[in-house]
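Asker: I am attaching a structure below and will ask some questions about it afterwards.
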Amino acid sequence: MGIPCPVREMNLQFNPCIKHKLIRNSARHFAETELAPIAAEIDQQRIFPRDAIDKMKALNYFGLQVPEEYGGAALDSISTAIVVEELSRVCAAVGLCVTVHNGVAVYPFLQFADAGQKENYLPQLASGDVIGAFSLTEANAGSDAGSVEMTAVKSGSDYILNGTKIFVTNGGVCDVALIFALTSLPENKLQSSVFIVESKFPGFLRGELEDLCGMRANPVSSLFFEDCRVPEANLLGKLGDGMKIGLATLDNGRIGVAAQALGIAQGAMEAAVKYARERQQFKRPIASQQTIQNYIADMATEIMAARLLLYRACELKDAGAPFGCEASMAKLYCSSVASRVTGLAVQIHGGYGYSKEYDVERYFRDAKVTEIYEGTSEIQRMVIARAILSQSMM
Amino acid sequence: MLNIVVCIKQVPMVTELPWDEKSGTLRRDLAAGMMNPACKHAVEAALQIKENLGASITVMTMGPPAAEEVLREALAMGADRGVLICDRILAGADTYATSFILASAIRKKCPSFDLILCGAYTSDSETAQVGPQLAEELNMPAAAYAENIEVNSKMLRVRRLVDHFRETLEMELPALVTVSMERYQPRYASFSGLDKAFTRAGISVLNAEKLGISSDDLAGQGSRTRVRKVFIRKAQKGNVMITGAAARAASEFLDRYEGKIGAAIGKSIEAKK
């Protein structure tokens, strides 16, 4: 018989409940009304859309899974994925802001913060008055997350942080960042720990915004720490918990990136279908050509498969079951579908698809990074293979 | 505190829908549903009154089980409770039967109402009749197509645009107002509102039996109007190419279109040809 598969038997809800449907409608309506008119411009001009973000604050976009007692909407993971998917279907850069804030900045507070830290930070994070960032990546620590060089040295009741973080999503606007830094443990061991660092702490400096291929409306930047003094009370979890917090957080973040990739793919397919119906060549719509129909069939099939895989990971998470392997599968698959589908969408548009006149050009650029951040596709395969192989050995 | 009832309707999300040629009704089963836009404005009007004066808002709809969606949406926006009137024998009700059923449900569930709000018209059938007919059923004053509503505990002042005149009407409560889409831009429902619409607020379901209505009173035989014919209005544009020598082309052009040109400018051009 074959290799035992880590995919556990569980009832999948193929029909979304009314609540999920309304959440999708609500996010879609907002995205189409508020984001669609500005998406192309904020991409080109690299503008973080403050007005739209302010409207989103009042609607709980920044406290999607935060419990009600802290001012959040207490949504389940499928709902959260649906929201990110719908934002990204229209404007992936805003989808990115929301998924990073909720998925990797707020989530570690929910999982690892003590009562005081929750009390201090969660209400502001949930309201969106404080925007969060997650800062692991450094010049020499990307896929190899264990190679962090930034340091945090104990000084009285504080830690002094020194080092540089790069490619920080939301970096240009974040008010609170979770910073991974090396700390010394007993017996001279060096292990990473996570610190809650406010942008107003002296020694917290932002770099220029990155000029990136896609997701250009998100203010991605470097963060510099020069003798930045952080109170001991802002240590998240225990000293040396960095790797544990990082991996758990990335598992969750991958659901968000998968949702984002799925939304990009969906948006690109819809644009391509619309164009294929309208565009006339050889005196008929190109949608009547079998080649184009094959493209559309493949896009729709892969998007459906991607969506089911993503919701499967969400369902496991909501059930309290381990979901890391499935989150990696969803992230790997959704992001590769996003790249393929946006490529086909450009192809269906022909020369126009290569022009900024049409949205698919932006979708095409936005899709690529979903195969890179929050763990490259190569790292996802490593995670999945490890899960499969460790099971088969048992 | 005012007691407000908002009657809302679920309509198909797309405008071009297939219809059942026999019954002349739309195939609503083939489209995703949404809250009728004018009804959403009516909900918003109720919420603004609630914010100013304090009010308890009941949203009510008649439809298939899926119509629960629009009630949940209204609850998410801030309404207090929902009533779903749902029974197979109500299917196909015309505006007369619908207003009769709504009146029965309002008498049963909210007998002490002060104000009833409806959308001015629906995007699917656009009769704009249910609101005014409901006011007749309940024997109370009504104003249709309101763009602004001012209310105190006893009186209602409504501003509306009719036949290019803006008029202001006053009436005593209880009253019924249908809300146009001029003002009252509907708010977005927050996600915590959506969550609470499922965990906190309640929806009660009424069928014909609970309303004490028999099938004879109602749709099918009970409806007094019959749709005789439904058709899609077709407008077509096309280019006509007239080729050949200029004089002959001009002459052919006039032969073809002199009637239309004459009608457009209001006099015959035949003599000048």
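The values are calculated or read from the model by the stated rules, or taken from the named source; none is laboratory data. All values reported here derive from a predicted model rather than from experimental measurement. Glycine gets a Cβ as well: all are built from the backbone with ideal geometry, and neighbour counts include every protein chain shown.
Asker: If you take the residues of the range B:160-188 that are within 14 Å of chain A (Cβ to nearest Cβ) and touching a His at 6+ places or on another chain (Cβ under 9 Å), which of them is farthest from A:Gly72 (Cα to Cα)?
Answerer: B:Gln185
Asker: Return the residue satisfying two criteria in turn: it lies in the range A:246-292 and is free of Cβ contacts under 8 Å to residues at least 24 places away in the same chain and of a type in the set (Ser, Thr, Tyr), and of such residues it is surrounded by the fewest Cβ atoms within 10 Å (Cβ to Cβ).
Answerer: A:Thr291
Asker: Need at least 3 residues that are within 16 Å of the chain's Cα centre (by Cα) and within 22 Å of B:Glu126 (Cβ to Cβ) per element, so show me which strands (runs of 3 or more DSSP E) inside the range B:26-115 make the cut, counting only ones lying wholly within it.
Answerer: B:33-35, B:55-62
Asker: Shifting gears a bit: Which of (1) surrounded by fewer than 24 Cβ atoms within 10 Å (Cβ to Cβ); (2) outside any strand (DSSP E or B); (3) of a type outside the set (Gly, Ala, Ser) does A:Leu205 not meet, given it meets every other one?
Answerer: Looking at each condition in turn, A:Leu205 falls short on (2).
For (1) within 19 Å of the chain's Cα centre (by Cα); (2) under 23 Å from A:Leu310 (Cα atoms); (3) assigned by TED's automatic domain parsing to the domain that holds A:Ala338, each residue gets a yes or a no:
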position	(1), (2), (3)
A:Asn218	yes, no, no
A:Val230	no, no, no
A:Leu250	yes, yes, yes
A:Gln260	yes, yes, yes
A:Gly267	yes, yes, yes
A:Glu270	no, yes, yes
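Asker: Right, here's the next one. I'm checking my understanding of the structure. Among residues of the range B:51-92 that are without any contact (Cβ under 8 Å) to a residue 40 or more places away in the chain and more than 14 Å from chain A (Cβ to nearest Cβ), which one is nearest to B:Lys109 (Cα to Cα)?
Answerer: Filtering the range B:51-92 for residues that are without any contact (Cβ under 8 Å) to a residue 40 or more places away in the chain and more than 14 Å from chain A (Cβ to nearest Cβ), the one nearest to B:Lys109 (Cα to Cα) comes out as B:Arg88.
Asker: Continuing with this model, one more query. Condition check: buried (at least 17 other Cβ atoms within 10 Å of the Cβ), part of a loop (DSSP other than H, G, I, E, B) and touching a strand residue (DSSP E or B) at 6+ places or on another chain (Cβ under 9 Å). Does A:Val197 satisfy that?
Answerer: no
Asker: Then there's this: Is at least one residue of the range A:178-189 part of a loop (DSSP other than H, G, I, E, B) and either under 17 Å from the mean Cα position of the chain (by Cα) or surrounded by fewer than 21 Cβ atoms within 10 Å (Cβ to Cβ) (or both)? Please lay out each step first, then the result.
Answerer: Taking the range A:178-189 as the starting set, the residues that turn out to be part of a loop (DSSP other than H, G, I, E, B) are none.
Looking for residues that are part of a loop (DSSP other than H, G, I, E, B) and either under 17 Å from the mean Cα position of the chain (by Cα) or surrounded by fewer than 21 Cβ atoms within 10 Å (Cβ to Cβ) (or both), one finds none in the range A:178-189, hence no.
Asker: If I filter the range B:142-152 for residues that are small (Gly, Ala, Ser), touching a Gly at 6+ places or on another chain (Cβ under 8 Å) and in a strand (DSSP E or B), do I get at least one hit?
Answerer: yes
Asker: Further, regarding this structure: Output the helices (runs of 4 or more DSSP H) that fall wholly within the range A:22-110 and possess 3 or more residues being within 13 Å of another protein chain (Cβ to nearest Cβ), surrounded by 24 or more Cβ atoms within 10 Å (Cβ to Cβ) and under 15 Å from the mean Cα position of the chain (by Cα), or say none.
Answerer: A:77-90
Asker: Kindly establish whether A:Lys356 is outside any helix (DSSP H, G or I) and either over 18 Å from A:Ala305 (Cα atoms) or not assigned by TED's automatic domain parsing to the domain that holds A:Lys274 (or both).
Answerer: When the stated conditions are applied, A:Lys356 passes them.
Asker: Kindly evaluate A:Val148 against the criterion of being touching a Phe, Trp or Tyr at 6+ places or on another chain (Cβ under 7 Å) and modelled with pLDDT under 95.
Answerer: Yes.
Asker: Looking at A:Met394 and the list (1) surrounded by fewer than 16 Cβ atoms within 10 Å (Cβ to Cβ); (2) modelled with pLDDT under 95; (3) part of a helix (DSSP H, G or I), which single condition is not satisfied?
Answerer: Going through (1) surrounded by fewer than 16 Cβ atoms within 10 Å (Cβ to Cβ); (2) modelled with pLDDT under 95; (3) part of a helix (DSSP H, G or I) one by one, A:Met394 breaks only (3).
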